[in-house]
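The values are calculated or read from the model by the stated rules, or taken from the named source; none is laboratory data. All figures in this text were calculated on a predicted structure; none of them were measured in a lab. Here Cβ is always computed from backbone atoms with ideal geometry, including for glycine, and neighbour counts include all displayed protein chains. In case anyone asks, the SASA skips ligands and DNA or RNA and just uses the protein heavy atoms, side chains included. Shrake-Rupley method; radii C 1.70, N 1.55, O 1.52, S 1.80 Å.
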Amino acid sequence: MSGGQPDLRLAVALAVQPITWSDGGAGAQQLVLQHGLQALRAALEAAAGQPAAGWLDFWRGYVAQFDDLMLARTHWLTAERCFEQQADATGLELAACGLVQCMLLDSQPCEQLEPRMSRVLEAEPPADARTPLNLFRLAARFAVDAQNFDGQTVDPGVVERMFAALGADDLDTPVRLRGATAAMYWIGRSFDRPRAADFHEAGARLAASATVSPYNRLLWQIQLSAARWRQVDVTARLDAELDAAMRDAPGPACRHLVAAALMMRALTALGANDSAAARTHLAAARPLLAEEFPLDRALWHHVSSRQWLAAGDLEAAAADATLSMRICEATHDLASDVVPILVHGGALQAALGRHDDAAASFARAAEVASGAQAVPALCQMHLARALGQVGIGAHDEARADLRAGLAQARSIGHVQFFHALPTVAAQVCAAALDLDVDAEYARQVAAARSLECPDPGVREWPHRLRVHALGGFSVERDRQPMGLARKVPRRMLDALRLLVALGGRQVDMVRVAALLWGDGARGEARDALKTTLHRLRALFGADALVVRHGQISFDPRTVWIDTWGLDHVTGRIEVLLAGGAATHQRDGELERRRVQLLALYRGAFLGASDVPSWALAARERWRSRFIRSIALLGAHLERSGRVDAAIALYLTALERETLAEELHERVIECYLQRGEQAQALNAFRRCRDLLSMMVGSAPTARMQALRARIAGA
């Protein structure tokens, strides 16, 4: 029999020949096989007055697990102590099998988790799972593998044995369901989606049986929802089934399972981008949390942190994440279940600029994790440290950590670092591109995740279209030159250059038409512009060039323009040198901005070609911004006593703007500071000759005064 009350013949048999509890479990197992769990319950009730003993308490725990894993844990701990005194290796193995399942299925603290997991792994997996103890052993192995996830699936043969056990009619339905519940974590990793769905449906049929307790059913439903919560096509059904299981699970033993189910519902809501619903479920779960389940409390704060993150409140998210991590740290043996909690907390710290704290969280996660699960945590530890070092200008140290972190990411094809915080992942990619560390992989990550560039000064970001207008005009698509001068009519090219000259954002169509076609026939000019824009959008993509409400804009998610980068970099230089930031942070960014500035400004707007009259103002504006920023950076270097670096900066800038007299003056001043009159005189002559040859003018009065100072020195 598999359910209901034991019949009269069984009651008589038990009275005449009671179970022997010291036979290594053989008699009790045979009783379950022949007459079902209810028979074992009756036998245990008959033994209620007997003192604690290894196998008696093991079977007490075995029966209790279907209604209350906390009570089962108490019995298994008692059994374990007895088995230790008796040196019963089989008993110790089976007690360990029960205790690790408590950890996985019920989030119970386990002070000696590692030794118990080792006992489970040291035993040979049972060849046939269709006995109560073998299925129990197999379920424990799945639980241990879930704790020690190393990126590989468990032995397919073991998974097949578990699947076969679901259809073993000689096993009680609750026993089979518990095995399926323990295996849930691995099924999706071992089977393809249709086969996994078959497993889930087989388990669901078992869960619907009247012989399954509400506790056991809710436990199954929580694990099922956790396994499939990202599968949108089944989310509504799973939510309804989970709600029904919660309603049918009254009583103190189910209290914390209901809390876990509500947290699962909150996660599902977050997956559907419904932060408000997640907050409602979390509010319902909070009063159900119990002190004896610290990992439930840690999970509550973790999910709450994710809810705050989804709502856009980073500070609140970080506060909950910190509480979650503190609870985890206070437990005795941290299981791999807490790795996501530590990793999430580290990511939030990184987003808030607390890079040392972030690196410490990731390092702790790597310690707790095992195998390949540790690699993503170590990867993010290095990347968080690198961001901190970039912030203070320690570029050599940042390069070393970026190199280490990206190498680890590349080794496992990990492009989803800082998954929930794409802005932080984008900062990592930007730093790698800026410092030329594994730029290829950084571009691959940014493109694969469609990350938005956090800094227009980063030239190497993988925008689909890259427009270069400084030092010449060219367009790249996917980093390959498009050769527009040979492919498009002159008027299309002029329209494109004019849009860049006018800033590339919210450019008035009427103004563009007037500049390109004149004011004479406005209707014709408007129609000509519409045709030109249609052709440009066909050439570059409708997403690259947006026309809305009479205005034209390039989309910065798709298009990068070097003039945008120059505006951003020169603006940052002016802000930084206006004061406010700590000196080491300011100097670190200034050095990075210096490199960006020189890389961006390759020469005057549109280069040395004939420049239309409408481009002259833009040409002078960007020229002036470049020269002013170089002068500000150079003056800062001079004030810091780095005169050699200032001279090198000025001379490099003069290769791009040979007629910038202000920079020639600064070079001469620097040579005079160092008492190098000959060098100063050569610098003056070079400036004078350039002005004479290129524009036919003489040096300014200020330059002539410098010449007098050189002569009088």
Item to complete: Report whether or not residue 493 is without any contact (Cβ under 8 Å) to a residue 24 or more places away in the chain and touching a helix residue (DSSP H, G or I) at 6+ places or on another chain (Cβ under 8 Å).
Response: yes
Worksheet item: Condition test on residue 71, is it touching a residue at least 60 places away in the same chain (Cβ under 8 Å), within 21 Å of residue 220 (Cβ to Cβ) and open to solvent by 50 Å² or more (accessible area, probe 1.4 Å)?
Response: yes
Response to the item:
Only one of (1) in a loop (DSSP other than H, G, I, E, B); (2) within 21 Å of residue 448 (Cβ to Cβ); (3) open to solvent by 20 Å² or more (accessible area, probe 1.4 Å); (4) in contact (Cβ under 8 Å) with a residue 12 or more places away in the chain does not apply to residue 413, and that is (4)
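Let's see how each residue does on (1) closer than 20 Å to residue 456 by Cβ; (2) assigned to a helix (DSSP H, G or I); (3) among the basic types (Lys, Arg); (4) modelled with pLDDT of 90 or more:
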{"residue": "526", "(1), (2), (3), (4)": "no, yes, yes, no"}
{"residue": "532", "(1), (2), (3), (4)": "no, yes, no, yes"}
{"residue": "535", "(1), (2), (3), (4)": "no, yes, yes, yes"}
{"residue": "546", "(1), (2), (3), (4)": "yes, no, no, yes"}
Fill in: One residue from 491, 449, 477 being buried (at least 17 other Cβ atoms within 10 Å of the Cβ) and either modelled with pLDDT under 95 or in contact with a Lys or Arg (Cβ under 7 Å, 6 or more places away or on another chain) (or both)
449
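Any residue at all in the range 354-365 that is part of a helix (DSSP H, G or I) and farther than 19 Å from residue 324 by Cα?
Looking for residues that are part of a helix (DSSP H, G or I) and farther than 19 Å from residue 324 by Cα, one finds none in the range 354-365, hence no.
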Item to complete: Mind listing just one residue for me: the one in the range 416-431 that is more than 8 Å from the chain's Cα centre (by Cα) and without any contact (Cβ under 8 Å) to a residue 40 or more places away in the chain and, of those, surrounded by the most Cβ atoms within 10 Å (Cβ to Cβ)?
Response: 429
Discussion item. Can you tell me how many residues within the range 582-598 are in contact (Cβ under 8 Å) with a residue 60 or more places away in the chain, open to solvent by 40 Å² or more (accessible area, probe 1.4 Å) and not polar (S, T, N, Q)?
Written reply: 5
Discussion item. Tell me whether the range 479-489 contains one or more residues that are closer than 20 Å to residue 390 by Cα, out of contact with any helix residue (DSSP H, G or I) (no Cβ under 6 Å at 6 or more places or on another chain) and not aliphatic (A, V, I, L, M).
Written reply: no
Worksheet item: Conditions: (1) small (Gly, Ala, Ser); (2) at pLDDT 85 or above; (3) out of contact with any Lys or Arg (no Cβ under 8 Å at 6 or more places or on another chain); (4) buried (at least 23 other Cβ atoms within 10 Å of the Cβ). Residue 143 meets all but one. Number of the miss?
Response: (2)
Worksheet item: Can you find even one residue in the range 76-86 that is assigned to a helix (DSSP H, G or I), in contact (Cβ under 8 Å) with a residue 40 or more places away in the chain and either open to solvent by 50 Å² or more (accessible area, probe 1.4 Å) or touching a Phe, Trp or Tyr at 6+ places or on another chain (Cβ under 8 Å) (or both)?
Response: no
Discussion item. Being part of a helix (DSSP H, G or I), open to solvent by 20 Å² or more (accessible area, probe 1.4 Å) and aliphatic (A, V, I, L, M) is the filter here; which residues of the range 391-410 pass it?
Written reply: 400, 404, 407
Discussion item. Quick check on my filter: what residues within the range 36-55 are open to solvent by less than 60 Å² (accessible area, probe 1.4 Å), in a helix (DSSP H, G or I) and either in contact with a helix residue (DSSP H, G or I) (Cβ under 8 Å, 6 or more places away or on another chain) or closer than 27 Å to residue 294 by Cα (or both)?
Written reply: 37, 39, 40, 42, 43, 44, 54, 55
Discussion item. Of the residues 459, 443, only one is in a helix (DSSP H, G or I), under 28 Å from residue 396 (Cβ atoms) and open to solvent by 10 Å² or more (accessible area, probe 1.4 Å); which?
Written reply: 443
Item to complete: Answer yes if at least one residue in the range 229-238 is modelled with pLDDT of 90 or more, surrounded by 17 or more Cβ atoms within 10 Å (Cβ to Cβ) and not aliphatic (A, V, I, L, M), and no otherwise.
Response: no
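A quick yes/no check of all residues on (1) outside any helix (DSSP H, G or I); (2) open to solvent by 10 Å² or more (accessible area, probe 1.4 Å); (3) at pLDDT 90 or above:
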{"site": "227", "(1), (2), (3)": "no, yes, no"}
{"site": "257", "(1), (2), (3)": "no, no, yes"}
{"site": "281", "(1), (2), (3)": "no, yes, yes"}
{"site": "295", "(1), (2), (3)": "no, yes, no"}
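Taking residue 180 as the residue in question, decide whether it is at pLDDT 80 or above, assigned to a helix (DSSP H, G or I), more than 18 Å from residue 96 (Cβ to Cβ) and of a type in the set (Gly, Ala, Ser).
yes
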Worksheet item: Applying the selection to the range 645-665, what residues are within 18 Å of residue 706 (Cα to Cα) and either touching a Lys or Arg at 6+ places or on another chain (Cβ under 6 Å) or touching a residue at least 60 places away in the same chain (Cβ under 8 Å) (or both)?
Response: 650
Worksheet entry | Qualifying positions in the range 87-96 - within 16 Å of residue 140 (Cα to Cα) and crowded, with 17+ Cβ neighbours inside 10 Å | 91, 92, 93, 94, 95, 96
Discussion item. Need the failing condition index for residue 256 against (1) in contact (Cβ under 8 Å) with a residue 40 or more places away in the chain; (2) more than 16 Å from residue 67 (Cα to Cα), just the number.
Written reply: (2)
